[in-house]
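Everything on this sheet refers to the single structure shown next.
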Amino acid sequence: MNQAKVPVWVNIALIPLLNITLAFVISGLVIYAIGQNPIEAAGYMIYGAFGYSEGVGYTLYYATNFIFTGLAVCVAFKAGLFNIGGEGQAYIGGLGVGLVCLALDHSMPFIVIAPLAIIGAAVFGAAWAYVPAYLQARRGSHIVITTIMFNFIASSLMVYLMVNWLKGTQNMSLNSRTFEQNAWMPYLHTLLTPLGIDIGDSPVNLSFFWALLCCFGVWLLIWHTRWGYQLRTLGTNPTAAKYAGIDTAKVTIWVMLVSGALAGFVGLNEIMGVNHSLLLNFAAGYGFTGIAVALMGRNHPVGIFLAAILFGALYQGGAEVSFDMPQITPDIVVVVQGLVILFSGALEHMFKDRIEGFFIRRAAAAQEK
Amino acid sequence: MINTTIPYAIELRDISKRFGTVQANKDICLQVPKGSIHGIIGENGAGKSTLMSIIYGFYAADTGHIEVDGEIVDIRTSQDAINAGIGMVHQHFMLVENFTVLENVMLGAEGGALLRKGVSKARAELKRLASQYSLEIDVDAVVEELPVGLQQRVEILKALYRGARILILDEPTGVLTPQEADHLFRILHSLKEKGVTVLLITHKLREILASTDNVSVMRQGEMVAHRETSKTNKEELAELMVGKKVRLTVNKEEAKPGKVVLSAKHLSQLDSQGVKRLKDVSLELRAGEILGVAGVSGNGQSELLNVLSGITVMSEGEIHFAGEVISASAPKNAAQMRDMGMAHVPEDRHKMGLVTGFEAYESAILGYHNSPVYNGKFLMNRKVMLDECSERMAAWDVRPPNPYLKTANFSGGNQQKIVIAREVEQNPDVLLIGQPTRGVDIGAIENIHEQIVSLRDAGKAILLVSVELDEIMALSDRILVMFDGAVVGELEAKDANERVLGLMMANSYSDDPQGEPA
C-alpha cells in the first residue's frame, strides 16, 4: 500500500499563499466598504514596503523583530510548548540590553559592548521565561497561562524601573539618557552606502544579520543536535520521550530559556539599534505577532524568515497607506494585519485538507496509470 | 447457497472505499443469512474495520450499496444504521463509567427533556430484553464496578434496546478471559436462536471455528473467500488470510536457564489517583529463559514493564539488576537502565516505542540518541545514523528499506521490526518485550517469534508480556499470571494449558481439579 505524498511546495508555498490572498481579498472588501479604492491602497502598500529604498529598509527593520519573536515561538512549539510570553520576554530582554549599554557606554568600545549586549538580551529574556518554564516543568502550571501573565508583570516592572530608577535627569519623558554612540548598533545604511547600495535613511541595523544567524542556528539546533532530537521527541510524543529516558522537565526548561533568549534579542534591534535609550512599550506587539509569524512560517526558520518579511512589509506598507490615503486610518491597517494573522494563523487548516486531498487523488491517479 | 426468495439479513454489494491512495475496501460482496453468526476474519489492515465502519455509518462507501432485509438502505450516519436495525459493540466500550447500566442504555434515547417517563419505560423494556435473551444484569449497578464481561453485556443491551436485529461485534474477546469469552459466545448463540443476526469481527481463528456458521476472509481490502465454518479448518483460514502457507507453532529446544540476572522484590506501584496498580510483585529472571507474563489486559502488566524499565518509579520494593539495587529512594530512569544493559520493546509502539512523525532513521535511535556513536562534538552524525539504519533494515528485512520514510508510513509489522532491531542490536542482558506481535501480520509473527527464541538461546533473559495466550504458551519457558496487579500464579510452561491459565487469569483457580469458578 503506497502512501501518496503531497508535493512539498503545496504545504510550504501554495497553502500559505492562498491564505494570504484570501486575507487580502477580504481586506479589499473592507476598504471598498468604507468608500476607498482597494487597488489604489494595495498599490501604496506595495510601494511603501518595497517600492523605494528607504521603504525596503523599514520593512527589513520590522522584519528583524518578527524573526526573533517568530523563532522564539517556533523553538518552544517544536517541544510542544506554546510560548505566548514573547512580548514580555522581548521587553525584559530590552532591559538587559539597556542596562549593559548604560553601564558601559562611557568606558568600553562597541566591540566589547555588542557581545555583552547580546548576552544581556539573552540572559534577561531567558530569565523571564524561566519562571513559567519552571512552573510548567515542576509544578504543572500551564505555560500558556503563566507566560501571558508574565507579559503583564513585565509591563508593570518596566514602568516601575523607568520611573524610579532609570529615567534620565535631563528629560521630562520616561526615557533613560541616550547612549553614547559607541553603544549604538550600526545602521546598515552607514555600512552599505559606501558600497553603493542605497537603503535610504532607514533604521535597519546590524541586528538584522544577527537575526539571520539566529535562523541558521535554530535550524541546526532543532534538526541537527541531540538536544534538538530530544525536544522534537518531547514535542511529538511525550510518552516516547519518557520511554527514551529523556528528562522532560529539564528539556522543557531549557527550551523555554532558548525561546526567551530569542525573544529578548528584539531589544538589540529596538534599544541598541533604533531608540538608543531605554523607554517604555518598545515591544509594541512584536511578541504577539511572532505567534502568527511562526504559524505562517510553518515553524521552520526559512518559513519564519519569509513570513517575517511579509509582516514587516505589512507594518511598513500599512503606515504608508494611512499617510497617503488619510481616510484609511491606522486602525484599518490594523484590521488588514489582523485579517492576515487570522487567515494564516487561526484558519491555517481551512484549505489544508481539501487541497492535500486534491493532490493525493491526483498522485493516486497518476500511480495507477 | 444463493436463495433469491428469502432476503438476507444484510447484503453488501460491490462496496469500495479508498483513503488517498489506499484502497481499504475493494468490491466487497457479502451475504449474511438471517439468524446466523457470520465471522469476518482478516489480518490487521485487511479492511475489516473500514467495512464495519461503512455498515455502521461512520464512513460513506465510494461505490456499492447495502441491503437490509432485501431493501436498499442509505446509511450516512450511525443513526441511519440504528434505524435500519444495525447495532454495534465496539472493541473499546462506549460507556460512561460512572453512570448506572440504566443510564448508559438510555443515553441518546432518553425520550424527552425530563427523564422520569423515559426511565420507567426503559426499566420495563430492559427487563423484557433481559428475560427474552437471558442477559440478566442489575440495571442500577454503576458500570465501572462491573466486571469487563458484564460491561460488554451492557453494550449488547444498548444495541438491542435501540431495536438492533443485526449485531456487529468488533474484536469482542480482546479484553476477556477464555471463560468470559465462552460465556459471550453462549449469549451470541441464544441471540441467534431468537433471530438476531451476528457479525463477528476478529483475528482469532479459534473463535471463528468455535462459534460461527459462516466465515468470510478478507485480505488487503478484498473479500477473498467465503466458507461454511463446518467445512473449513484453522490451516486453511490462516492460509487464506495471509495468502501463503503459515506455520502456527514455534520450534524451540528445551531452555537452559543460567544464573539470575534480574530479581524484583515486593514491587508495588500507585498511580496518580493513588490506586495500587502493582501489588507486591516478586519475580526472578534467569539468563537463557523466556518468562511469560499472562493476564487479561489492564491487570498490572503495563505497570510492571514500566517499573522494570525505569519509566516509572516504584512506590515500594526493589529491583536487583547489574549489581545495583534500585528502589524508590534510589531510582534509575529509563536511560540509566539502558546503560546497565536493559532493553525494552514496549507494548504500544505508536505511543511509546516510536515517534511516528520522525523519519525511520530517527526513530531507530530513540533511547540511544545520547550514544557517542551518533554524536559529534555539537551536531549529530547523520551519516552514521543513516548507514546503520540501512544495514539494520536489510538485516531485519524491513520493508520498504528506506531510512528516510516517515515511521508512520511503515506497516505495523515493519514498525515492530524497527523497534525490535533497535533494542536487540544493543546486545542487552535483559530484554523486556510487551505484546511483540500486536497488530503485526501473521507472516511477520513467525519471524518475530523465531527472533525471540534465538535471543533466548543466545543467553539473554527475556520477560515476555502478552495478552495472547497462544503466544505465551508457544514461547515461554515459565509463566506468571497476573490479576489485579498481583502475581496470582506461576507454572512451568509444560504444565500450562488454556483452561488453567484462563482460570488463573480470572483469579478463580484452585488446585482442586474440580475447582470450577462459582
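No lab work stands behind these numbers, since they all come straight from the coordinates. Every value quoted in this text rests on a predicted model; they were computed, and no experiment measured them. Positions of Cβ are generated from backbone atoms using ideal geometry, with glycine treated the same way; all protein chains shown enter the neighbour counts.
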From largest to smallest, what semi-axes in whole angstrom does the range A:38-304 give when each is the square root of 5 times an eigenvalue of its alpha carbon gyration tensor? 31, 23, 17
Residue with peak Gaussian network fluctuation, chain A [Cα springs, cutoff 10 Å], from A:P132, A:P115, A:P194: A:P194
Shielding by partners - mean other protein chain Cβ count within 10 Å, residues of A:243-251: 6
Amide H contacts of A:N205 (H built 1.01 Å from N, under 5 Å, at least 5 apart or other chain): A:L188
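Rounded to the nearest angstrom and ordered from largest down, what semi-axes does the equivalent ellipsoid of the range A:1-84 get from its C-alpha gyration tensor (root of 5λ)?
On the way: eigenvalues 188, 96, 41 Å².
Rounded to whole Å, the semi-axes are 31, 22, 14.
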What ranking do A:Y61, A:Y52, B:Y404, A:Y91 get, fewest neighbouring Cβ atoms within 10 angstrom at the top? B:Y404, A:Y52, A:Y61, A:Y91
Using θ = phi - 60° and the Karplus form 6.51 cos²θ - 1.76 cosθ + 1.60, what ³J(HN,Hα) does each residue of the range B:481-497 get, whole Hz, x for Gly and Pro? 10, 10, 9, 6, x, 10, 7, 9, x, 9, 8, 6, 4, 5, 8, 8, 9
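When the dipole is taken about the Cα centre of the protein assembly as shown, and only Lys, Arg (+1) and Asp, Glu (-1) are charged at their Cβ, what size is it in debye, to the nearest 20? It would help to have the intermediate numbers written out before the result.
Working: 71 positive and 86 negative charges, 137 e Å.
Computed about the Cα centre, the dipole is about 660 debye.
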Just to be sure I understand: of the beta bridges DSSP finds with both ends in the range B:10-242, what percent are antiparallel, rounded to 5? 55 percent
Put one equal scatterer on each alpha carbon of the protein assembly as shown, apply the Debye formula with no solvent term, and list log10 I(q)/I(0) at q = 0.05, 0.07 1/Å to two decimals. -0.39, -0.74
Mind telling me which of A:A241, A:A126, A:A308 comes out most flexible in a GNM of chain A, alpha-carbon contacts under 10 Å? A:A241
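Please give the length that would be gained between B:D80 and B:V373 if that part of the chain were fully extended, namely 0.36 nm times their separation in residues minus their C-alpha to C-alpha distance (nm, one decimal). The partial results should precede the final answer.
Working: separation 293, 0.36 × 293 = 105.48 nm, distance 5.82 nm.
99.7 nm is the gain from fully extending B:D80 to B:V373.
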Mind checking Rg over Rh on the range B:379-518, alpha carbons, Kirkwood formula for Rh? 1.08
When every alpha-carbon pair in chain B is counted, what percent end up more than 37 Å apart? 37 percent
For the range B:378-383, Karplus couplings with θ = phi - 60° (6.51, -1.76, 1.60), whole Hz, Gly/Pro x: 10, 9, 7, 8, 5, 5
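Would you kindly state how much longer the chain becomes between B:D339 and B:R123 on full extension, computed as 0.36 nm times their sequence separation minus their alpha carbon distance, in nm to one decimal? Could the numbers behind the result be given before it?
Numbers: separation 216, 0.36 × 216 = 77.76 nm, distance 5.98 nm.
Extra length from B:D339 to B:R123 when fully extended: 71.8 nm.
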Neighbour counts of other C-beta atoms within 10 Å: give me B:T77, B:T202, A:T239 arranged from fewest to most. B:T77, A:T239, B:T202
Report the dimensions of the range A:31-189 along its three principal axes from the alpha-carbon atoms, largest first, rounded to Å. 52, 45, 31
At a Förster radius of 30 Å, what calculated FRET efficiency corresponds to the Cβ-Cβ distance of B:E498 and B:N427, to the nearest 0.05? 0.30
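From the convex hull of the Cα coordinates of the range B:10-242, what is the mean projected area in square nanometres?
On the way: hull surface 51.2 nm².
Dividing the Cα hull surface by four gives the mean projection, 12.8 nm².
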For chain B, longest principal axis from Cα atoms; helix B:442-457 axis from its Cα atoms; angle between them, nearest 10 degrees, is 30 degrees
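Mind giving me the FRET efficiency for B:T249 and B:K34? R0 is 41 Å, r the Cβ-Cβ distance, nearest 0.05 is fine. Don't skip to the answer; put the middle values down first.
On the way: r = 39 Å, r/R0 = 0.94.
So, using R0 = 41 Å, E works out to roughly 0.60.
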If packing is taken as the mean number of other Cβ atoms within 10 Å per residue, what is the order of B:58-70, B:40-52, highest first? B:40-52, B:58-70
Listed by chain and number, the residues whose amide H is under 5 Å from that of B:Q23, excluding neighbours fewer than 5 places away on the same chain and using placed H, are none
Chain A, Gaussian network, Cα under 10 Å: of A:L206, A:L135, A:L310, the residue fluctuating most is A:L135
Which log10 I(q)/I(0) values, to two decimals, does the range B:127-256 give at q = 0.13, 0.16 Å⁻¹ under the Debye formula with one point per Cα? -0.65, -0.89
Just list whichever of A:K242/B:K383; A:K78/B:K17; A:K242/B:K332; B:K252/B:K494; B:K252/B:K332 have alpha carbons separated by over 24 Å in the model shown. A:K242/B:K383; A:K78/B:K17; B:K252/B:K332
Residue order, fewest to most beta carbons within 10 Å, for A:M185, A:M45, B:M473: B:M473, A:M185, A:M45
If you take every DSSP beta bridge whose two residues both sit in chain B, what share of them, in percent to the nearest 5, is antiparallel? 55 percent
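Work out the FRET efficiency for B:K259 and B:D138 from their Cβ-Cβ distance, taking R0 = 45 Å, and round it to the nearest 0.05.
Working: r = 52 Å, r/R0 = 1.17.
It comes to 0.30.
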Using amide H atoms built 1.01 Å from N in the peptide plane, name the residues 5+ places from B:E359, or on other chains, whose amide H lies under 5 Å from its own. B:T407
Ordering of B:356-365, A:223-232 by packing [mean C-beta count within 10 Å, highest first]: B:356-365, A:223-232
